[in-house]
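A short worksheet on the structure shown next.
The values are calculated or read from the model by the stated rules, or taken from the named source; none is laboratory data. What you see is a predicted model; the values in this text were computed from it and never measured. Don't worry about glycine lacking a Cβ; one is built from the backbone with ideal geometry, like all the others, and counts go over all protein chains shown.
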Amino acid sequence: MTTNHQGRSISDRPPIRVSVILPVMDETVSLRETVLILMNENRETISEILIVVCGKTTAESLAICEDLAREQPELIKLYRQRLPFLGGAIRDCFDWASGSHVLMMASDLETDPRTVKDMIAVAETGIDIVTATRWTQKGGFDGYDPLKYFLNWTFQQIIRVLYGTKLSDLTYAFRIIRVNWAKSIRWEELKHPFLLETVLKPMRLGATIAEVPAVWRAREQGVSHNTFWQNFVYFRIAVKTRFSSKRELLLHDEYRPELTLLVQEEGND
């Protein structure tokens, strides 16, 4: 596990309550399998599953979502997103989440739900953000395009230098975030670069972050909605966030006093 924080005892910490975010476009069987594994392995810590759909969600997928919500109405909540695109769907869920932490993941099994229990175990130590990494062990990619693999690795190295961090996987959309961070930051991106934004802005503000090894496997159902050229847009939010003042990254100074204190103590660099 890679971390920018020394772990602390959890004996004096209240149990965490995780709000799982599952955007759905064309997933069916993989969605059901994701929910099943999550609940079999993490029932005591998952307080709600927020399934979010949009106008482009297929009729078959929507029917599965409605079935899941009917089967477990106290646990599974079905929403139609208000903001557009993937980033907008997750930002909406940040607003709707009632747990102590939010879990960002996919419903197509590219984010292995069996890794969630390991991520929760680290989050219970008091870490602000626990993010999965594909780069710290062999076999972290299964079915990944070779060109995208090389470009992804190159991008990770550039961002690590730009931010002076040892974290290895800043673009993987598989992470647990303490809800106070999710609700306090001024988010900007609506498309896939939002996934990078969700780690860079908390990092700039001093959040403690740890990584847990995970394996990415190519989806067997549906199609990817993250185009190759869209990856270059990630640089925009990376550079802008790096050179913004910390105060500019927050929604409101009064929203979370401890974040305001952090900015006051460390300055607006």
Quick one: how many residues across the stretch 1-35 are modelled with pLDDT under 95 and among the small types (Gly, Ala, Ser)? 3
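Quick one: would you say Trp181 is of a type outside the set (Gly, Ala, Ser), out of contact with any Lys or Arg (no Cβ under 6 Å at 6 or more places or on another chain) and at pLDDT below 95?
Details: of a type outside the set (Gly, Ala, Ser): yes; out of contact with any Lys or Arg (no Cβ under 6 Å at 6 or more places or on another chain): yes; at pLDDT below 95: no.
No, not satisfied.
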Filter the stretch 93-125 for residues that are surrounded by fewer than 21 Cβ atoms within 10 Å (Cβ to Cβ) and among the β-branched types (Val, Ile, Thr); the one that is farthest from Lys183 (Cα to Cα) is Thr115
Only residues that are without any contact (Cβ under 8 Å) to a residue 40 or more places away in the chain, aliphatic (A, V, I, L, M) and more than 15 Å from Met104 (Cβ to Cβ): list them for the stretch 25-59, please. Leu36, Met39, Val53, Ala59
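Okay, residues lined up against (1) within 29 Å of Cys54 (Cβ to Cβ); (2) buried (at least 16 other Cβ atoms within 10 Å of the Cβ); (3) out of contact with any Lys or Arg (no Cβ under 9 Å at 6 or more places or on another chain):
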{"site": "Trp153", "(1), (2), (3)": "no, no, yes"}
{"site": "Gln156", "(1), (2), (3)": "no, yes, yes"}
{"site": "Gly164", "(1), (2), (3)": "no, no, yes"}
{"site": "His192", "(1), (2), (3)": "yes, yes, yes"}
{"site": "Phe232", "(1), (2), (3)": "yes, no, yes"}
{"site": "Arg236", "(1), (2), (3)": "yes, no, yes"}
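Please report, ordered by residue number, the strands (runs of 3 or more DSSP E) entirely within the stretch 31-119 with at least 1 residues that are within 19 Å of Arg219 (Cα to Cα). Full working, then the answer.
Numbers: elements: 46-53, 76-80, 101-104.
Per the criteria, 46-53, 101-104.
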Given the conditions (1) among the charged types (D, E, K, R); (2) surrounded by fewer than 22 Cβ atoms within 10 Å (Cβ to Cβ); (3) within 26 Å of Thr45 (Cβ to Cβ), every one holds for Glu188 apart from (3)
